[in-house]
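So the structure is just underneath, and the comments pick up after that.
The values are calculated or read from the model by the stated rules, or taken from the named source; none is laboratory data. If you're wondering where the values come from, they're calculated on a predicted model, not measured in any experiment. Every residue, glycine among them, receives a Cβ derived from its backbone with ideal geometry; neighbour counts consider all protein chains shown. Each accessible area value is taken on the protein alone, full model and side chains, heavy atoms only, with ligands, DNA and RNA left out. Shrake-Rupley method; radii C 1.70, N 1.55, O 1.52, S 1.80 Å.
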Amino acid sequence: MAGRIPDAFIQDLIARTDIVELIGSRLELKRAGKEFKARSPFTNEKSPSFFVSPQKQMFFCFSSGKNGTAISFLMEYDRLSFVEAVEELARRAGVEVPREGGGQEARPVVDGPLDALAAAQRWFREQLKTAPAAIDYLKQRGVTGETAKTFGIGFAPESWDGLTNFLKDTRHAVDAGLLIERDGGRGGAYDRFRNRVMFPIRDTRGRVIAFGGRTLANDPAKYLNSPETVLFHKGRNLYGLYEARQSSTSALPYLIVVEGYMDVVMLAQYGIREVVGTLGTATTREHLNLLFKSTGKIVFCFDGDRAGRAAAWRALEQVLPEMSENRECVFMFIPEGDDPDTWVQKIGAEAFRAKIGEAVPLSQFLLGELGKQVNLGTLDGRARLAALARPHLDKLREGPLRSLLLDELGRLTRLSRPDLEALSPRQDGPAPSAPEGPAAARAENPASRPVRRALQLLLELPELAEQVDHLELLGQAEVPGVDVLVEAIDFFQAHPGARAAQLVEFWKDTAKGRGLQRLLAEPLPLDAAAVENEFRDAIARLTQKALRARVQGLLAEARLRPLTGAETREIEAITRQLATRSPTS
């Protein structure tokens, strides 16, 4: 059958597969502590060096050096192609392999859930017509009826079975994330969304694949998104992208990236249709691929507070490897106390577009943020800036942007181009963020060891990701590799119940993925309680490093200008926090 197998289906298939059962049907496995062992099926060894981890859902063959997921095992042992291995796992799981694209006769991803989502969207629209509280809320936010129609906004009544009773086939609705099963499916199902204004999330073909719901009650969970499904992955979808593409018959001059549903809706209402929203997660490489397929210029629009600038920095780190001479990226910051939704209503569309023209270019934002951490009036400060900029330059492809950045960095540091190039040796591609193996581990910067250990512990117990509350802050720790740890935590938070094998598959054929496979092959002789305690301590240490870095950045800024009252209070608060709990570095 023609067409590409969706990545989300592959992730779900790995989650469904018991790798011990799969390999045990082909090899004689014996329990060895938390794992199972056997003689290698790939070499003629006499003693067992082949291990299967049910916790990680991976296999490791130390005599041949092979390791991987259930798919990898079938490809190596049964001599199957990737597609054949996926089809074999799907056959064992009793599911059909969906396909995307591949011509007119290619079937949709999954027919049932799509139909359920389309029906739910129509039902939510009908419910809005007779929901005064929801209509009043939208009016208070300034949303017109025409805008609500354009974005398909609806309402989920305060009922546990309204949508359940409307949909005849609850099985597909559960698969689509619309309903939640009771007692593992034995007690029926109930509505996931209740008393919420509903925002349908569409894919690039205009099909509803998920929903975001804004509560009208006094609920601490103000916004609730659909869960991850075979159709929907918040790290690979953008709210409003379909509508933005529909607004123009020609190429979009740019796309503005904001954070909230109402930001997208209100900007569009004011005629700024080139806008999309992330879905409660940081910008990912998959997001960037989607964006650059539609435009050559991305405008990141964030709040001007500390959290907004931290989010902008994370977006910068993701976009650096994607930049080329045909792409542009700028950063626009909203005044504190506002967001794009409220700000456009204050200043109007013309002034908002003018501010887009004044947005900070990527190179200026990169060097400006790094420059805040040093004193350029000293030799040490200029040397420190060159060192801070090095890993970011390594992420850039060879081309005009990297060349111009080197020129500007040379002007700031008073170093020549050869000196800067010597600081940032180029290889065949961007320097890997994750260690590539035991040799790399021995040669790695000692400062990266806490991150490496935290990542190893996380891979052992991915559910520990739920204990990490402030990813943006953690990402500011000046420790090599912390960006990889943050991405891994973000993945497991977005995929509750996922195991290490799914992250390896998600990062397949990347330096990070290869680094994870080598890291996973190292034994971790700790029980669950010890893993949890050590992980919690590691995150606390890294968080404190981030706090110290923040204080140093503010103190460096104080040399250039007077700090605001809020910044001074922030230094005092962080200092008190560090004094009350300061684990050994």
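Name every residue in the range 260-269 that is outside any loop (DSSP other than H, G, I, E, B) and in contact with a strand residue (DSSP E or B) (Cβ under 7 Å, 6 or more places away or on another chain), in order of residue number.
261, 263, 264, 267, 268
Could you list, in sequence order, all residues of the range 311-327 that are in contact with a strand residue (DSSP E or B) (Cβ under 9 Å, 6 or more places away or on another chain) and either within 19 Å of residue 570 (Cβ to Cβ) or surrounded by fewer than 17 Cβ atoms within 10 Å (Cβ to Cβ) (or both)?
Once the filter is applied, which keeps residues that are in contact with a strand residue (DSSP E or B) (Cβ under 9 Å, 6 or more places away or on another chain) and either within 19 Å of residue 570 (Cβ to Cβ) or surrounded by fewer than 17 Cβ atoms within 10 Å (Cβ to Cβ) (or both), the range 311-327 yields 311, 312.
Of everything in the range 247-266 that's out of contact with any Pro (no Cβ under 6 Å at 6 or more places or on another chain) and open to solvent by less than 10 Å² (accessible area, probe 1.4 Å), which residue is nearest to residue 327 (Cα to Cα)? Show your work before the answer.
Going through the range 247-266, the residues out of contact with any Pro (no Cβ under 6 Å at 6 or more places or on another chain) turn out to be 247-257, 259-262, 264-266.
Next cut, open to solvent by less than 10 Å² (accessible area, probe 1.4 Å) only: 255-257, 262, 264-266.
On the way: 255: 12, 256: 14, 257: 15, 262: 27, 264: 23, 265: 26, 266: 27 Å.
Selected residue: 255.
Mind counting the residues in the range 39-50 that are in contact with a Pro (Cβ under 9 Å, 6 or more places away or on another chain) and of a type outside the set (Ser, Thr, Tyr)?
First, pick out the residues of the range 39-50 that are in contact with a Pro (Cβ under 9 Å, 6 or more places away or on another chain): 39-40, 50.
Restricting the remaining residues to those that are of a type outside the set (Ser, Thr, Tyr) gives 39, 50.
Residues flagged as in contact with a Pro (Cβ under 9 Å, 6 or more places away or on another chain) and of a type outside the set (Ser, Thr, Tyr) within the range 39-50 amount to 2.
Please verify whether the range 282-303 includes one or more residues that are outside any helix (DSSP H, G or I), within 26 Å of residue 224 (Cα to Cα), open to solvent by 10 Å² or more (accessible area, probe 1.4 Å) and among the β-branched types (Val, Ile, Thr).
Scanning the range 282-303 turns up at least one residue that is outside any helix (DSSP H, G or I), within 26 Å of residue 224 (Cα to Cα), open to solvent by 10 Å² or more (accessible area, probe 1.4 Å) and among the β-branched types (Val, Ile, Thr).
Residues that are on the phi < 0 side of the Ramachandran plot and surrounded by 15 or more Cβ atoms within 10 Å (Cβ to Cβ): list the strands (runs of 3 or more DSSP E) wholly contained in the range 162-246 that include at least 3 such residues. Working first, answer last.
Values: elements: 179-181, 189-191, 196-202, 208-215, 223-225.
In the range 162-246, the matching strands (runs of 3 or more DSSP E) lie at 189-191, 196-202, 208-215, 223-225.
For the range 397-418: of the residues being small (Gly, Ala, Ser) and assigned to a helix (DSSP H, G or I), which is least open to solvent (accessible area, probe 1.4 Å)? It would help to see each step written out before you state the result.
The initial filter retains those residues of the range 397-418 that are small (Gly, Ala, Ser), namely 399, 403, 410, 416.
With the extra rule that they be assigned to a helix (DSSP H, G or I), the set shrinks to 403, 410.
Numbers: 403: 43, 410: 12 Å².
Result: 410.
Show me the helices (runs of 4 or more DSSP H) found entirely inside the range 474-585 where at least 2 residues are of a type outside the set (Asp, Glu) and open to solvent by 60 Å² or more (accessible area, probe 1.4 Å).
Result: 511-520, 528-558, 565-580.
Residues of the range 62-101 being hydroxyl-bearing (Ser, Thr, Tyr), open to solvent by less than 50 Å² (accessible area, probe 1.4 Å) and assigned to a helix (DSSP H, G or I), which ones?
Result: 72, single match.
Mind counting the residues in the range 327-358 that are aliphatic (A, V, I, L, M), assigned to a helix (DSSP H, G or I) and out of contact with any Leu (no Cβ under 7 Å at 6 or more places or on another chain)? Spell out the reasoning first.
Looking only at the range 327-358, we keep the residues that are aliphatic (A, V, I, L, M), and these are 330, 332, 334, 344, 347, 349, 351, 354, 356.
Imposing the further condition that a residue be assigned to a helix (DSSP H, G or I) reduces the set to 344, 347, 349, 351, 354, 356.
Subsequent filtering for residues that are out of contact with any Leu (no Cβ under 7 Å at 6 or more places or on another chain) retains 347, 349, 351, 354, 356.
Residues in the range 327-358 being aliphatic (A, V, I, L, M), assigned to a helix (DSSP H, G or I) and out of contact with any Leu (no Cβ under 7 Å at 6 or more places or on another chain): 5 in total.
So, residue 272, is that one closer than 27 Å to residue 138 by Cα, of a type outside the set (Gly, Ala, Ser), open to solvent by less than 10 Å² (accessible area, probe 1.4 Å) and not in a strand (DSSP E or B) or not? Walk me through how you get there before you give the answer.
On the way: closer than 27 Å to residue 138 by Cα: yes; of a type outside the set (Gly, Ala, Ser): yes; open to solvent by less than 10 Å² (accessible area, probe 1.4 Å): yes; not in a strand (DSSP E or B): yes.
Answer is yes for this residue.
Need the failing condition index for residue 354 against (1) at pLDDT 90 or above; (2) open to solvent by less than 20 Å² (accessible area, probe 1.4 Å), just the number.
With respect to (1) at pLDDT 90 or above; (2) open to solvent by less than 20 Å² (accessible area, probe 1.4 Å), residue 354 is out only on (2).
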